[in-house]
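So the structure is just underneath, and the comments pick up after that.
What follows is calculated from the coordinates using simple rules that are stated; it is not laboratory data. Worth saying up front: this structure is predicted, and the values here are computed from it rather than measured. Note: ideal-geometry Cβ built from the backbone for every residue, glycine included; neighbour counts use all protein chains shown.
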Amino acid sequence: METAYESTKKRKQAAQKDIAEPVKKYRIKSLRKREELSGFLFISPWLIGFVALTLGPLLFSLYVSFTNYNITSKMDFVGTQNYHNMFFNDGLFWTSLWNTLYFVAFSVPLTTAGAILLAVLLNQKIPGIKVFRTIYYLPAVLSGVAVYLLWMQLLSPSTGLVNTALSWFGIRGPAWLFDPEWTKPALIVMKMWSVGGGMLLYLASLQGVSKAMYEAADIDGASAFRKFFHITLPMITPVIFFDIVTSLIGGFQIFQEAYVMTENGDGGPVNSLLFYNLHMWNKAFEVFDMGYASAMAWFLFVIVLGLTVINLKFGKHWVHYGGGDEK
Amino acid sequence: MNTRQNTPKFYETMSFRRKMKKSVVLLLLLLGSIVILSPVWWMISTSLKTPGEIAQYPPSFMPDSFQWSNYVKAWQTAPFTRWALNTIFITVCVVIGNVVVNSFVAYGFAKIRFRGKNLLFTLVLSTMLIPGFVMMIPQYILFSKLHWINTYLPLIVPAFFGNAFFIFLLRQFFKTIPDEMIEAAKIDGANHFQIWWKLAMPLMKPAVITVAILSFNGAWNDFLGPLLYINDEKLYTLQIGLQTFKGTVQTQWHYLMSASVLVLLPVILIFFFFQRYFIEGSNITSGTKG
């Protein structure tokens, strides 16, 4: 199909050339110019937004990170003072970095694996599968403060649903949001509930895997496990890659959950929920130390960028671009 | 395989195995569904209980008597009607901005030839890699210098300057429009602006609706924006309103849960009516189309 389309296209182009030849050159040029101009006109909203709302502010905050800016009065250049304070004089900085890394290290692999598993289950031909897909996807659209409030209730140590359910199996559930050891696992459990969002992405990709491959494997007598690890998984690696890159970036942004589920962002018991962004928020909007907060923002940017670059580098070795129709 | 007989036993046949596999999957999915749905059930049942029943141990799954008045009282305890109207206003503006501007920009990237297009599109994609929190502080400084604090402008205006993810999504869709169709429209005397509005937009209605729904959800659930920019309680949105309400009623869970149900209701309704558009968005993102 592709080649037939290609050949007609070529023929058409050739025909166009024949017609175009006698037309005066300036006309073609002005047409092309007009095309160029309308191209820039169409993307101009994004271009303006990029310069004014992304690039400009980004560079400005880099400068601010070397000052003692507090929005109202001061803006003196202080060199690397903010960065020095961050690394050597602020214990909470390290606490918040540790909390964030802990959360990312558990939530990203767990949600990725969970989403893949769920997608495989929901890719079977079973009566009512559409209803199941709807049910599993539902939590992904529910977000915001209402959901955090709901989970505060669900995780309530004595009368919450989670610990009630655990008690049926003879397990005495922890105090979750009140026990510094369990606050972060509590948030990870909450994240796992909405694993259906990632599932949908994998499901779409699973449906693009050609049936012929499974049939060939069946003839060779391959087991379900082998088929999963040697056909399914390699074929969906591009989506796994996309999912890991975006959920890593997303994972480092954790803020709202901790802000709402603790007393107005005080960081929870023993600062166990003081995430990086929460600490940055307090520095920027509680004490208005914009210089320090900007330094924190840039350090975060470097970490996330570094991880993305590592991802892209290693991605080449395990991501398999061959299946499905690439753009 | 171990059997020497020619006819395999019933449990070794393909059809039996297939049935077994299906039943196991079905059972797993059923159990999982209960786990997934129980929080939602818990929210609704708690919202209908009396405070006494919520505190009792072991907790009950079904309210003894349905306290529908919880909903009315919760709604009246705080200016929720005002907050709802504010949220609707902001959401409508953001959705309009996102749909119109992103499809406009996406059309440019998909269907117009100009120099540096690929480089600029790579730039669009790479902005998705910048953590939003990095942008938050300088943007706050910018908007405060513009005296936009305590107005809806910082929440609405950025929606009119494009969103990398939506541009990517819509571009993938617009690329499926055959070039011949656009050429034909041009020969008929249409310019790109007319082609975008009168041809591409109606043709790509599902994609446009997908973006509308995703941006509705984003705006409706936005917590950080209003938290940062809105100080006046009258101007609050439902999200920060609910957060304030949490401080007001403390641990009166029957009120907290009934208010939560009401705040989530529009999102749930839209989800059930427009489900297929969520799936559409995922198909594009995972690259099975376009």
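Sort out for me the Cα centre separation of the stretch B:217-290 from the stretch A:252-327, rounded to whole Å.
Measuring centre to centre over Cα atoms gives 22 Å.
Let me check I've understood the local charge: for B:Pro79, count other residues with C-beta under 10 angstrom from its C-beta, Lys and Arg +1, Asp and Glu -1. What total comes out?
Once all neighbours under 10 Å are counted, the net charge is +1.
Could you work out the mean count of beta carbons from other protein chains within 10 Å of each residue's beta carbon in A:294-302?
Partner-chain Cβ atoms within 10 Å, mean over residues of A:294-302: 3.
Calculated from DSSP H runs of 4 or more alone, at -39500 (n - 2.57) each and per residue, what is the 222 nm mean residue ellipticity of chain B, nearest 500?
Calculated from helices alone, the mean residue ellipticity at 222 nm is -22000 deg cm²/dmol.
Under the rule of at least 5 residues apart or a separate chain, name every residue whose amide H is placed under 5 Å from the amide H of A:Thr67.
A:Val78
Can you tally the lysine pairs in the stretch B:95-225 where the Cα-Cα distance is under 27 Å and the two residues are eight or more apart, or on different chains?
13
Counting other Cβ atoms within 10 Å, keep those with at most 15, restrict to DSSP loop, and tell me which trypsin sites (Lys or Arg not before Pro) in the stretch B:238-290 are left.
Answer by residue number: there is no such site.
Can you sort B:Val134, B:Val249 from fewest to most other Cβ atoms within 10 Å of each residue's own Cβ?
Going from sparsest to densest Cβ surroundings: B:Val249, B:Val134.
Under the definition of partner shielding as Cβ atoms of other protein chains within 10 Å of a residue Cβ, what is the mean value for peptide B:64-74?
Mean partner-chain Cβ count within 10 Å for B:64-74: 0.
From the backbone phi of the stretch A:248-255, what are the Karplus-calculated ³J(HN,Hα) couplings (6.51 cos²θ - 1.76 cosθ + 1.60, θ = phi - 60°) in whole Hz, Gly and Pro given as x?
Listing the rounded values in order: 5, 4, x, x, 5, 8, 4, 8 Hz.
Counting pairwise Cα distances across chain A, what percent come out greater than 30 angstrom? Show your work: numbers first, answer last.
Details: 30189 of 53301 pairs.
The share of Cα pairs beyond 30 Å in chain A comes to 57 percent.
Relative contact order for chain A: what percent, with Cα pairs under 8 Å and sequence separation of 6 or more?
That works out to 25 percent.
Projected area of the stretch B:1-142, taken from the Cα convex hull and averaged over every viewing direction, in nm²?
Numbers: hull surface 87.7 nm².
Taking the Cα atoms of the stretch B:1-142, their convex hull projects to 21.9 nm² on average.
What is the Å³ per residue value for the convex hull set by the Cα atoms of the stretch A:99-254? Working shown, then result.
Details: hull volume 22.7 nm³, N = 156.
With only Cα atoms used, the stretch A:99-254 gives 146 Å³ per residue.
Only four residue types carry charge here, +1 at the Cβ of Lys and Arg and -1 at the Cβ of Asp and Glu. Report the dipole size of the stretch B:10-71 about the Cα centre in Debye, rounded to the nearest 20.
On the way: 6 positive and 3 negative charges, 114 e Å.
Magnitude of the dipole: close to 540 debye.
In the stretch B:45-149, if the dipole is taken from +1 on Lys/Arg beta carbons and -1 on Asp/Glu beta carbons about the Cα centre, which of B:Ala55, B:Cys93, B:Gln76 is farthest to the positive end?
Sorting the options by dipole projection puts first B:Cys93.
Under the rule of -39500 (n - 2.57) per DSSP H run of 4 or more residues, summed and divided by the residues of chain A, what mean residue ellipticity at 222 nm is obtained, to the nearest 500 deg cm²/dmol?
Helix-only estimate at 222 nm: -21000 deg cm²/dmol.
Ranked from highest to lowest mean number of other Cβ atoms within 10 Å per residue, what is the order of the peptides A:105-112, B:170-177, B:122-129, A:255-262?
For the peptides A:105-112, B:170-177, B:122-129, A:255-262, the packing ranking is A:255-262, B:170-177, A:105-112, B:122-129.
So how strong a dipole does the stretch A:82-318 carry about its Cα centre when Lys and Arg Cβ are +1 and Asp and Glu Cβ are -1, to the nearest 20 debye?
Dipole of the stretch A:82-318, to the nearest 20 debye: 800 debye.
Using the Cα centre of the protein assembly as shown as the reference point, and only Cβ charges (+1 on K/R, -1 on D/E), how large is the resulting charge dipole? Debye, rounded to the nearest 20.
I would put it at about 2380 debye.
Is chain B best put as rounded, prolate or oblate by its Cα gyration tensor, with a ≥ b ≥ c the root eigenvalues, rounded for a/c under 1.5, and otherwise prolate when a/b is larger than b/c, oblate when not?
Values: a/c = 2.44, a/b = 1.07, b/c = 2.28.
In terms of gyration-tensor shape, oblate.
Going out from 0 in 20 Å bins, what whole percent of all Cα-Cα distances in the protein assembly as shown drops into each bin?
16, 48, 29, 6, 0
In a shell of Cβ-Cβ distance under 13 Å around A:Phe103, excluding A:Phe103 itself, what net charge do Lys and Arg (+1) and Asp and Glu (-1) give?
Charge balance in the 13 Å sphere: +1.
What pairs from A:Lys184/B:Lys49; A:Lys316/B:Lys21; A:Lys211/B:Lys21; B:Lys49/B:Lys246 go past 27 Å between their alpha carbons?
Going by Cα-Cα distance, A:Lys184/B:Lys49; A:Lys316/B:Lys21 fall outside the 27 Å limit.
Give me, ordered by chain and number, the residues 5 or more places off A:Met75 or on other chains with an amide H under 5 Å from its own placed amide H.
none
Of A:Leu274, A:Val195, A:Ser223, which is farthest on the positive side of the dipole of the stretch A:194-280, counting Cα position, with +1 on Lys and Arg Cβ, -1 on Asp and Glu Cβ, and the Cα centre as origin?
Farthest along the dipole direction, towards plus: A:Ser223.
Would you mind giving the mean number of other chain beta-carbons within 10 Å of the Cβ of each residue in B:257-265, as a whole number?
Whole-number average of other-chain Cβ neighbours for B:257-265 is 4.
Can you order the peptides A:293-300, B:158-165 by their average number of other Cβ atoms within 10 Å per residue, highest first?
Averaged packing, sorted descending, gives the order A:293-300, B:158-165.
Over the stretch B:10-71, what is the relative contact order in percent, taking alpha-carbon pairs closer than 8 angstrom and at least six residues apart?
24
Which order, highest average first, do B:190-198, A:125-133 follow once you tally other Cβ atoms within 10 Å for each residue and take the mean per peptide? Intermediate values should be presented prior to the final figure.
On the way: B:190-198: 16.4, A:125-133: 14.0.
So the peptides B:190-198, A:125-133, ranked by packing, come out B:190-198, A:125-133.
Over chain B, what relative contact order in percent results from Cα pairs under 8 Å that are six or more residues apart?
After rounding, I find 30 percent.
Around B:Ser258, what is the net charge, scoring Lys/Arg as +1 and Asp/Glu as -1 over all other residues with Cβ under 11 Å from its Cβ?
Net charge in that neighbourhood comes out at +2.
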